[in-house]
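Before any comments, here is the structure.
The values are calculated or read from the model by the stated rules, or taken from the named source; none is laboratory data. Being a predicted model, the structure only gives us computed values, none of them experimental. For neighbour counting, all protein chains shown are included, and Cβ atoms are generated from backbone atoms with ideal geometry for every residue, glycine included. Ligands, DNA and RNA are excluded from the accessible area calculation, which covers all protein heavy atoms including side chains. Shrake-Rupley method; radii C 1.70, N 1.55, O 1.52, S 1.80 Å.
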Amino acid sequence: MPNFDLQDLYAFLALSEHGSFRYAAEAICISQSALSRRIEKLETLLGVRLFDRTTRRVTLTQTGRTFAPRARHLLLEFEEAIEGIGDGIAHSNRLVTVACVPSAANYFMPQVISHFRMQFPDARIRVIDTSAGEVASAVQNRKADFGLSFLSSIDVGLVFTPLVDETYQAVCRRDDPRAQRTSLTWEEFFAGDYIWLDKSSGNRLLLDQALGKVTARRQPVCETLHVTAMLGMVDAGLGLAAAPAMAVPGYTHAVLTTLLLTNPTVKRQVGLIKKAGRELSPQAALLEAAITSYFLTRG
């Protein structure tokens with residue numbers, strides 16, 4: 001196969017269109033001598049004469065006229081292929097899918113995404129807010145670029161990178177008499193009205209394992225699948241709830257406040273979940289770095 005490059009074809013088409021070495025060289029921003037060398041190289045490699053040259057005009061030979069549309073088609077296909085690849089990269093860079101537990105999706109991710117879009121205003125982010133088990137599944141099945149969840153168990157083929165340990169706290173209304181206290185034991189927590197988590201919840205599994213020796217004196221008033229729904233029940237005055245720090249709105253909340261839960265102190269480890277061996281897109285890697293930075297700056 002002849003060893004020519006694409007610039008030789010661009011030079012050939014420029015000369016065929018302009019019929020002048022001067023104007024063709026100006027059109028593709030090279031010198032006339034460089035253009036001449038490219039045409040000579042192409043003719044030598046093909047073993048044919050592509051142009052008839054006179055002192056006043058340069059015209060295509062019959063072979064040149066046959067070759068011109070084929071060269072133009074070849075370059076067009078090449079440019080479309082490159083453009084398609086570029087569009088695909090740009091699209092993947094703009095759209096990042098993150099699977100995360102609802103507590104993170106509700107109170108943490110909005111802050112990160114807001115700051116991230118200030119730096120990258122064209123970025124689009126899809127958040128899959130779901131249970132811890134489904135977060136892992138979404139990453140495993142490539143429905144999400146990466147996940148943000150707490151460590152209970154990790155599936156084969158996934159990698160967990162810890163970011164922070166957070167403590168479970170008692171959440172109550174500010175008008176609750178216990179809101180004046182700084183802490184509450186688990187036995188005291190279970191002695192009154194409380195909202196608990198469904199057995200299918202990852203948080204429920206973690207708490208059951210950690211509180212094996214603590215016996216609840218009464219059944220919960222209500223059970224929910226997600227912590228965020230449980231906090232709504234507290235807001236409505238149905239009782240206390242136990243929630244990880246990330247899930248709690250914060251000290252500025254108009255209705256809710258928190259107390260430290262003790263005997264025992266229960267923590268969960270939150271981190272990033274990625275599929276082993278999978279390289280993140282540039283935009284996904286930037287968002288991952290933004291999430292990591294958020295936790296690091298908060299100690």
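Of the peptides 289-295, 239-245, the ranking by mean beta-carbon count within 10 Å, highest at the top, reads 239-245, 289-295. For the chain, the per residue solvent-accessible surface stands at 54 Å², with DNA, RNA and ligands left out and a 1.4 Å probe.
Subtracting the Cα-Cα distance of residue 32 and residue 17 from their residue separation scaled by 0.36 nm leaves 3.9 nm.
Packing order of peptides 257-264, 53-60, highest average first: 257-264, 53-60 (average count of other Cβ atoms within 10 Å over each peptide's residues). Across 150, 190, 67, mean-square fluctuation computed from a Gaussian network of the chain (C-alpha pairs under 10 Å connected) peaks at 67.
Using only side-chain charges placed at the Cβ, +1 for Lys and Arg and -1 for Asp and Glu, the dipole size of the stretch 157-273 relative to its Cα centre rounds to 160 debye. Among 189, 12, 116, the largest mean-square fluctuation in a Gaussian network model of the chain, built with springs joining Cα atoms closer than 10 Å, belongs to 12.
Expressed as a whole percent, the accessible area of the chain that falls on carbon and sulfur atoms is 51 (1.4 Å probe). In this calculation the C-beta distance from residue 46 to residue 165 is compared with R0 = 51 Å, giving a FRET efficiency of 0.15. Going by the alpha-carbon gyration tensor, a ≥ b ≥ c the square roots of its eigenvalues, is the stretch 184-267 rounded (a/c under 1.5) or, if a/c is not under 1.5, prolate (a/b greater than b/c) versus oblate? Rounded.
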